[in-house]
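> Below is one structure. I have some questions about it.
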Amino acid sequence: MTAIEAPGPPIQPALVPPTPEAMNRLASLRAARRVVVTCYVRLGIEERIRSRYRTAVRDAMRAAETVLEQPGVPHDDRQQIGRDLRRIDDFLSNTSRLPHAPGFALFACESLSLFEVVPLPRALRTRVHIDDRPRIAELLATVDEFGRILVAAVDRTHARFFEVDAFGVSELSSLAPIATRGGKFHSDRADSPGWGEGSFHNRIREERHRQAADVMQEIRTRLGQGAWQGVVLAGTARTTAEQLRFLPRGLRPRVIGTARINPTSTTPAEIRRAALEARAAWERREEQTLVAELEEGIGQGWAVQGARGALRALHRGQVRMLLVAANQTGWGFRCADSGRLVLARADCRGEGPPIPVSDVVNEALEEALQQGAEVRVIDDPEAAGRLDGMAALLRFR
């Protein structure tokens, strides 16, 4: 990292929820020069293994620092940014301070006394930006696109419903527990005769079926009351499988995943974690469909393959969805007059002098998000292998 001449003032990190008020405040911040550090960190299960997220952040920091070595960057700015990068690295070294989320955004600027951490339900990729303002396009897009997830935690006698969104989780009204047997083969009616084994098992089966039918009706009612991204069924493997069989054909595509949870003892934190994991797995399954749509669109002129074509379409505002293979990175340039991102200096001929960009993929992601385009990072190895690094589905030809 850049050498640091003197330690900066003690700025304590603040954990900030992704509320509209927090995003509006971040959007209003401006520095006199390009000294604001924005760091997005993926914090999934794989990234937490052996602290791989720290390696990814340090690689992104080194790439960002190469821009500081260009002529024209004041020495004081280099020192301030170096101190902010050191604060970020120190913060990441203590795993107990990390938010319990699949990703987060971190904004740091010594001159603005800014050091805030915003937990996110997802992060596209680990990346670092240095600018005169916080880069919040991904933060805004994540909150807008996340939607609401309905979680139904069910067993034979209980059914609890939860709403999970980008900000947290809240429990909705639950179904009343159905009446059940007293004890095994025995009635709870004092000295009355007990149940035979056949009647006992028939009654258990009937209870499960009645519960599944009631849950199905409740899910249908709630989905009809507003916009939901999907449903997660939680419970034992037998209960979720039985509940799926009770769902009509129109509701089955709305189920994005299942989770193993005890509905009587689960906590909101467990519900949120299960919903986010189910959503992430659902996105991985969708990647194959997106790549197939891309390949079909190329033949019809509604998609482009390769970084050069995708960057050209991005500059024209054609991109509806930008697809990027995971771990894709590389140097590039931005043409000074046109602002277009390119891969080589010669591509800027007639558009102004080329300005080096440490990671052209990060800049492309940010530009696509600012244009309101959807961005998908393809993690599935098979699907990513069918991409030429970067591709785009188009709004118009």
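The values are calculated or read from the model by the stated rules, or taken from the named source; none is laboratory data. Predicted, not measured: the structure shown is a model, and the values here were computed from it. Glycine gets a Cβ as well: all are built from the backbone with ideal geometry, and neighbour counts include every protein chain shown. The accessibility values were calculated without ligands, DNA or RNA, using every heavy atom of the protein model including side chains. Shrake-Rupley method; radii C 1.70, N 1.55, O 1.52, S 1.80 Å.
> Among what's in the range 117-143 and is open to solvent by less than 30 Å² (accessible area, probe 1.4 Å) and among the acidic types (D, E), pick the residue that is farthest from A368 (Cα to Cα).
D131
> Within the range 347-391, how many residues turn out to be part of a strand (DSSP E or B) and open to solvent by 10 Å² or more (accessible area, probe 1.4 Å)?
Total satisfying the criteria: 7.
> For residues that are part of a loop (DSSP other than H, G, I, E, B) and farther than 17 Å from I149 by Cβ, scanning just the range 224-269, find the one that is least open to solvent (accessible area, probe 1.4 Å).
P248
> Also, quick follow-up: Return the pairs, sorted by first residue and then second, in which the second residue is surrounded by fewer than 19 Cβ atoms within 10 Å (Cβ to Cβ) and among the polar types (S, T, N, Q), the first residue lies in the range 348-368 and is more than 24 Å from R135 (Cα to Cα), the beta carbons are less than 9 Å apart, and the residues are 6+ apart or on different chains.
From residues that are more than 24 Å from R135 (Cα to Cα), the pairs are C348/S338; G350/S338; E351/S338; G352/S338.
> Shifting gears a bit: Within the range 161-175, take every residue that is part of a loop (DSSP other than H, G, I, E, B) and surrounded by 13 or more Cβ atoms within 10 Å (Cβ to Cβ) and give me the one that is modelled with the highest pLDDT.
L172
> Conditions first: (1) touching a residue at least 40 places away in the same chain (Cβ under 8 Å); (2) in a helix (DSSP H, G or I). I49 passes all but one, so which condition is the exception?
The failed condition is (1).
> Does any residue in the range 121-144 that is of a type in the set (A, V, I, L, M, F, W, C) and outside any helix (DSSP H, G or I) come within less than 8 Å, Cβ to Cβ, of a residue that is at pLDDT 85 or above and open to solvent by 20 Å² or more (accessible area, probe 1.4 Å) six or more places away or on a different chain, and which pairs are these?
A123/R42; A123/P102; L124/R42; I130/R34; I136/A27
> Only one of A105, A64, A32 is in a helix (DSSP H, G or I), in contact with a Ser or Thr (Cβ under 8 Å, 6 or more places away or on another chain) and among the small types (G, A, S); which?
Criteria check complete, one pass: A64.
> Inside the range 311-346, can you point out the residues that are open to solvent by 60 Å² or more (accessible area, probe 1.4 Å), more than 20 Å from V67 (Cβ to Cβ) and in a loop (DSSP other than H, G, I, E, B)?
Across the range 311-346, the qualifying residue is only N327.
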